[in-house]
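In what follows, a structure is listed as structure tokens, so that the remarks can point back to it.
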Amino acid sequence: MNSDIEYMQLALELAGQGLGDVEPNPAVGCVIVKDSQIIGRGFHKQFGGPHAEVNALADCKTNGNDPAGATMYVTLEPCSHTGKTPPCSTAVIEAGIGKVIIAAEDPTDQAGGGIEQLKAAGIDVEVGVCRDQAEALNAPFYKHARTGLPWVIVKWAQSIDGKLGWQNPPAGGNWISNEQSRADVHRLRKKTQAILTGVDTVIADNPKLTVRIEGKTIDRPPLRVIVDSHLRTPWDCHLITVHDAPTVIVTTHQTAQTEFEKVEKFQEAGVNIVTVAEKNKHCDLKETLNQLGQAGVQQLLIEAGPTLITEFLKQKLADELKIYIAPLILGQNGNADLSAQMNAAKHQTLKNIQIQNFVKDTCISGLL
């Protein structure tokens, strides 16, 4: 291995190991090379923990290697601010690194500026090696930083004939997907900052929308968001009574004004009420996304019924789909027919398709 692209691709592979644990921070990898030998590797492992550059420099020390004069390959511009950790740019300068090759700039005002600091310290800096791959790896981070909007993942589980629910559930429960698929959904929930559903799903299924992963404590549970244009959310539903995660109800300005007693009662129960404009007798989804983005939601997971799923697709508000298909044909014993609702949506083709098998279930995911 001796090319800049190869070293950066290794750094990108390292960065990918942090996905699911670092969000809403970006996943970052770093490789340090001296005399054509890799002397240090690192990646950002955990939100709030040391960044990739610091871990790679620590790896040099552990292996008895001196990084002075070495070339550092890092997938994102080293941060220049003090947050949960000190600035990475300072650590790079103090280590005596001779050159830093960066895949892509940091688009945030808070963390950007590291390139200028490195250059001011006399370090040679090159930017743009594997830029497209680096930005694709952290697409939610870049979208939120550049637009203020969250990256929207629409997820559902269905039978082969497009049904999302049972008419008469079996004794084992009303799930369409199997246990392994559901475990994957909890891993997906863990990396998001909010999970959104519609009031009809709350009434029909009474979900908790919490992250439940065996052996793991969830320090930052995602916000639970109910889109409820007429404040029909039941007072005794899990999203109101189970306080393992915060809950927000999005309703219209008009409903909040006319149903002010309900608003006060929800607020007394610890629920935050967010109001948006009305569009086609429902909450304006674009404004909903804008408000969630402003509140710091970088990745938003949609777990809803056919109507709301179709609206996100019809309005082209989704960035990614994740579809779990169970080997079932429910026929007349199925309800929530997504295929019938989808007739209102326009043709769209998925890109970057991935297919995973969870025992007998198949998961198809891709970008829109």
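The trypsin sites (Lys or Arg not before Pro) of region 263-299 meeting both criteria, a DSSP state outside H, G, I, E and B (loop) and at most 16 other C-beta atoms within 10 angstrom of the site's C-beta, are 281.
Computed from the alpha carbon positions, the gyration tensor of region 103-223 leads to an equivalent ellipsoid with semi-axes of 42, 15, 14 Å, biggest first. Computed over the Cα atoms of region 1-88, the ratio of the radius of gyration to the Kirkwood radius (Rg/Rh) comes to 0.96.
Most simply put, region 203-308 has about 20% antiparallel DSSP beta bridges, counting only bridges with both residues inside it. Here is how the number arises for the chain: DSSP H runs of 4 or more residues each give -39500 (n - 2.57), the sum is divided by the residue count, and the result at 222 nm is -8500 deg cm²/dmol.
The listed residues 189, 232, 146, 182, once ranked by accessible area (1.4 Å probe) with the largest placed first, stand as 146, 232, 182, 189. Derived value for region 234-335: Kirkwood hydrodynamic radius 16.0 Å. Basis is the mean of 1/r over every pair of different alpha-carbon atoms.
The distance linking region 14-73 with region 327-367 is 39 Å (Cα centroid to Cα centroid, whole angstrom). Diffusion coefficient (Stokes-Einstein, Kirkwood radius over C-alpha pairs, 4 °C, 1.567 mPa s) for region 326-368: 101 µm²/s, rounded to a whole number.
Note on the chain: with a GNM built from Cα contacts shorter than 10 Å, the maximum mean-square fluctuation among 347, 243, 186 falls on 347. Accessible surface for residue 196 stands near 0 Å², nearest 10, in the context of the full protein assembly shown (1.4 Å probe).
How many angstrom lie between the Cα centre of region 162-187 and the Cα centre of region 214-253? For region 162-187 versus region 214-253, the Cα centre distance is 21 Å. Across the accessible surface of the chain, with the other protein chains kept in place and a 1.4 Å probe, carbon and sulfur atoms take up 48 percent.
Build a GNM of the chain with springs between Cα atoms under 10 Å: which of 193, 294, 354 gets the top mean-square fluctuation? Judging by the Gaussian network model, the answer is 354. Rolling a 1.4 Å probe across all protein chains gives residue 126 an accessible area of roughly 70 Å².
The solvent-accessible area of residue 349, taken with every protein chain present and a 1.4 Å probe, is close to 90 Å².
Given 84/191; 208/316; 45/360; 34/351, which pairs have Cα atoms separated by over 30 Å?
45/360; 34/351
Its alpha carbons considered, the chain gives a radius of gyration followed by a Dmax of 23.1, 72 Å. Note on region 36-141: along the principal axes its Cα atoms extend 37, 28, 25 Å, ordered by decreasing extent.
Computed on protein heavy atoms with a 1.4 Å probe, the accessible areas place 216, 143 in the order 216, 143, largest first. The translational diffusion coefficient of region 92-158, from Stokes-Einstein at 25 °C and 0.890 mPa s with a Kirkwood hydrodynamic radius over alpha carbon pairs, comes to 176 µm²/s. Think of a 1.4 Å ball rolled over the protein heavy atoms: the chain then has 48 Å² of accessible area per residue. Mean-square fluctuations from a GNM of the chain, with a 10 angstrom spring cutoff on Cα atoms, peak among 184, 109, 319 at 109.
The values are calculated or read from the model by the stated rules, or taken from the named source; none is laboratory data. Computed from a prediction, not measured in an experiment: that's the story for all the values here. Cβ sites come from the backbone with ideal geometry, for glycine too, and all protein chains shown count toward neighbours. Keep in mind that these areas ignore ligands, DNA and RNA; they rest on the heavy atoms of the full protein, side chains included. Shrake-Rupley method; radii C 1.70, N 1.55, O 1.52, S 1.80 Å.
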